[in-house]
């Protein structure tokens, strides 16, 4: 039944996928760090998504599906560029040796939050974004990043601790550094 | 009994809604009695919410307005067009399809659809048993509002569907989205004529009208069409009564989810 499939496919694709362009772009922009590359990433992601839209199961999480394609597009590009691969076993060992996690500071601004995120390693940022911002499940994240679920969990654990440490270091509030300092700022 | 140390170890999975139901309940029981862990969890949740908000509102991460418009044009042009040749090919395909259907193709198609429906019905029966009855799913169910955000509006609509029947009363017990054997269901659990009853909605092939599924053991199960979804009513009741319940729910549920 291929008759009228193309216009119909575009219509369904437009309804399912296009509402996620803003979120997808934000994700790409965060990862790429520049607008041209982010736009290029999003465009390639959506072209691939449209071509393989028959694989998308209606009723499932379209945004997670698109983010997964975006991660794969980016990962393929990075592989071609010969970027460094993270040692997962080392990460998992490191995840268990954090001696102290500071309390969550008060008075955090959005700017504090994003700057603190930039201070932590990129592979921790990725997992935090996919889990906490994109609301993807561990299984979806593992598929998107092509890593084991155990690594997702350890990166998330370690990443959240590092984020709190970075926030405290930035002196984001009295809980982290004392009220006098906050007043003096 | 869970201790503070256990809670801290499980905090990430709790926050990400990835814990098993039993573990989740244990953790919640601990939080009810431990103000320190409760505070810690509140702080973590606030941190996550603020990160989400910061990310969503950051001006320098937002796309240029003209980008989205240009993107639509690019994507449309990347679609293979319907040329005269392709239109002719399509007509031949359609003609061949019709001929095949006339020669028995419809039987094959119906037979395949029937076996898919039976397979989904078995999974639905398993979900009823493992979720509604014994509460032993591997993956924690999530709220329908949350499922609506993640998987589409029909899940959210199911949160407000009120099943009504003329031959008894319905006592609502639970609504959520759950996964069993890889199949995601919108799940409404209620008590009807003293029996724990599940109304499950999922993607899949639906019958044209409500009908009983030929499953020999366990509770009775009837399938029903729900718009572009398939629904199941599962209960340890007389089979005819389950079918009547499915017939009563089919139309209002389809309208509610449309």
Quiz item: If you build a Gaussian network model of chain B, linking Cα atoms that sit under 10 Å apart, which residue out of B:30, B:57, B:244 swings the most?
Solution: B:57
Quiz prompt | Helical contribution to [θ] at 222 nm, DSSP H n ≥ 4, -39,500 (n - 2.57), averaged over chain B, rounded to 500 | solution = -17000 deg cm²/dmol
Quiz item: Arranged by the count of other C-beta atoms within 10 angstrom, fewest first, what order do B:201, B:162 take?
Solution: B:162, B:201
Quiz item: Which order results if B:75, A:46 are arranged by neighbouring Cβ count within 10 Å, fewest first?
Solution: B:75, A:46
Quiz item: Over all residues in A:29-38, what is the mean tally of Cβ atoms on other chains that come within 10 Å of each residue's Cβ?
Solution: 2
Quiz item: In what sequence do A:80, A:139 fall when counting other Cβ within 10 Å, fewest first?
Solution: A:80, A:139
Quiz prompt | Protection proxy ranking, peptides A:16-24, B:184-192, B:31-39, B:217-225, average beta carbon neighbours within 10 Å, highest first | solution = B:184-192, B:217-225, A:16-24, B:31-39
Exercise. Take every residue in peptide A:43-53, count the Cβ atoms of other chains within 10 Å of its Cβ, and give the average of those counts.
Key: 2
Quiz item: Averaged over A:136-144, how many beta carbons belonging to a partner chain fall within 10 Å of each residue's beta carbon?
Solution: 2
Quiz item: Between B:69, B:159, B:121, which gets the highest mean-square fluctuation from a Gaussian network model of chain B, Cα cutoff 10 Å?
Solution: B:69
Quiz prompt | Relative contact order [Cα under 8 Å, 6+ residues apart], segment B:119-257, whole percent | solution = 21
Quiz item: Shape call for chain B from the C-alpha gyration tensor, a ≥ b ≥ c root eigenvalues: rounded (a/c under 1.5), prolate (a/b greater than b/c) or oblate?
Solution: oblate
Exercise. First check a/c for segment B:119-257, with a ≥ b ≥ c the square roots of the eigenvalues of its C-alpha gyration tensor; if it is under 1.5, answer rounded, and if not, answer prolate when a/b is larger than b/c or oblate otherwise.
Key: rounded
Practice problem: Under a 10 Å cutoff between Cα atoms, tell me which one of B:70, B:168, B:194 has the largest fluctuation in the Gaussian network model of chain B. | Solution: B:70
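Only the coordinates and a few stated rules stand behind these numbers; no lab work does. Just so it is clear, the structure is predicted and the values come from calculations on it, not from any experiment. Cβ: placed from backbone, ideal geometry, glycine included. Neighbour counts: every protein chain shown.
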